[in-house]
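Since the structure comes first, as structure tokens, the remarks are kept for the end.
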């Protein structure tokens with residue numbers, strides 16, 4: 001089996017294997033990247049005062065999420081470009097996650113469609129992420145397709161009303177479609193392995209990669225055409241839109257991108273079953289606080305909602321930090337993508353096992369039998 005040593009090691013390997021545009025799309029933040037640096041620094045600053053000799057070694061990592069049992073308090077976050085990191089990237093990620101009994105949230109902007117993913121991994125615990133489109137009626141079609149694929153949990157992203165400008169994406173010509181330039185053509189030529197591994201299999205099976213969940217004839221693709229304006233992100237997204245989705249979705253509704261306590265209260269009022277306290281991996285707004293800093297303020301107003309968190313997960317210790325702050329579970333995006341790019345399916349399998357082992361070791365080192373938020377000494381700089 002391919003060894004997965006750490007987030008940092010897999011990231012270094014991915015940097016060598018991926019074209020620069022794709023690597024930086026995943027890796028970088030926005031603006032001066034102050035929020036990205038702060039995200040990791042604030043999480044690292046959280047200390048846990050261990051209790052010794054009084055606990056039994058940790059055994060089970062099973063966690064209840066929305067009435068289902070997950071193998072660990074971890075869900076795979078929606079990421080738009082897994083299918084450009086590895087051939088059939090979403091399928092590979094989902095197969096590995098399913099072996100570890102972890103739920104997978106498929107992105108609206110995934111390369112693999114929800115129907116194909118269900119066919120390829122029929123026993124997966126699939127969630128669906130929703131970017132509401134300009135034409136809401138077209139979004140109804142996506143909701144119906146998700147329900148038809150057996151999805152019961154809809155994760156609506158509420159912190160992205162437009163594509164935030166990222167100058168390195170412009171510099172690299174990265175997007176859907178790619179903008180070809182002498183610079184990025186030269187970069188692609190330096191990565192023939194990526195073309196052979198990723199582009200050619202997609203080309204032979206389905207043609208050039210495109211957003212598989214978009215309506216037929218409106219799918220932005222690798223080399224064009226540009227997306228239809230009706231399926232651009234809904235720029236005027238409001239709480240009325242959340243209520244509109246709630247009225248049309250019979251399953252569980254989770255709002256992803258909550259950082260303010262008052263927004264958590266509004267989410268509860270709108271009928272959300274859960275929220276994800278998230279800064280979108282510090283990718284959208286360079287003055288956003290670290291989720292670990294605001295999570296304790298959000299919990300008291302969350303009512304009966306399930307509160308999850310994401311952004312900055314690199315190790316099992318980070319999972320424990322978020323759990324002790326009160327999160328029911330975490331979502332992780334960059335870590336499985338680096339494992340996928342550096343080691344394929346075996347790399348993802350190894351990464352999930354390492355994450356679980358590190359979580360168990362952190363529980364044991366902290367002297368924790370059972371997670372009780374606030375019961376241990378937890379502090380920060």
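Would you give the gap between the C-alpha center of the stretch 108-142 and the C-alpha center of the stretch 204-246, rounded to a whole Å? What the calculation gives is 11 Å, centre to centre.
In degrees from 0 to 90, rounded to the nearest 10, what is the angle of the helix 34-44 Cα long axis to the longest principal axis of the chain? The two axes meet at around 30 degrees. In terms of surrounding Cβ atoms within a 10 Å radius of their Cβ, 153, 48 rank from fewest to most as 48, 153. Fewest neighbouring Cβ atoms within 10 Å first, the residues 239, 168 line up as 239, 168. Here each label is just a point 7 Å from Cα along the line to Cβ, and for residue 236 and residue 203 those points are 4.3 nm apart.
Taking the fewest neighbouring Cβ atoms within 10 Å as the starting point, the ordered list for 258, 30 is 30, 258. Here the convex hull built on the C-alpha positions of the stretch 81-167 has a volume of 108 cubic angstrom per residue.
Given the choices (i) 104, 47, 35; (ii) 61, 46, 42; (iii) 76, 49, 30, Cα extents along the principal axes in Å derived from the coordinates of this structure is entry (ii).
Relative to the longest principal axis of the Cα atoms of the chain, helix 316-325 runs at roughly 60 degrees. Taking the 0 to 90 degree range and rounding to the nearest ten, how far is the long axis of helix 7-17 tilted relative to the main principal axis of the chain, both from C-alpha atoms? Long axis of 7-17 versus the principal axis of the chain: about 10 degrees. The relative contact order of the chain comes to 29 percent, based on Cα pairs under 8 Å that sit 6 or more residues apart. Apply 1/(1 + (r/R0)^6) to the Cβ-Cβ distance of residue 370 and residue 137, taking R0 = 45 Å, and write down the FRET efficiency to the nearest 0.05. So, using R0 = 45 Å, E works out to roughly 0.45.
Computed from the coordinates by the stated procedures, all read-outs in this text should not be read as laboratory data. Just so we're clear, the structure is a prediction, and the values are computed from it rather than from any experiment. Neighbour counts are summed over all protein chains in view; Cβ atoms, including those assigned to glycine, are modelled from backbone coordinates with ideal geometry.
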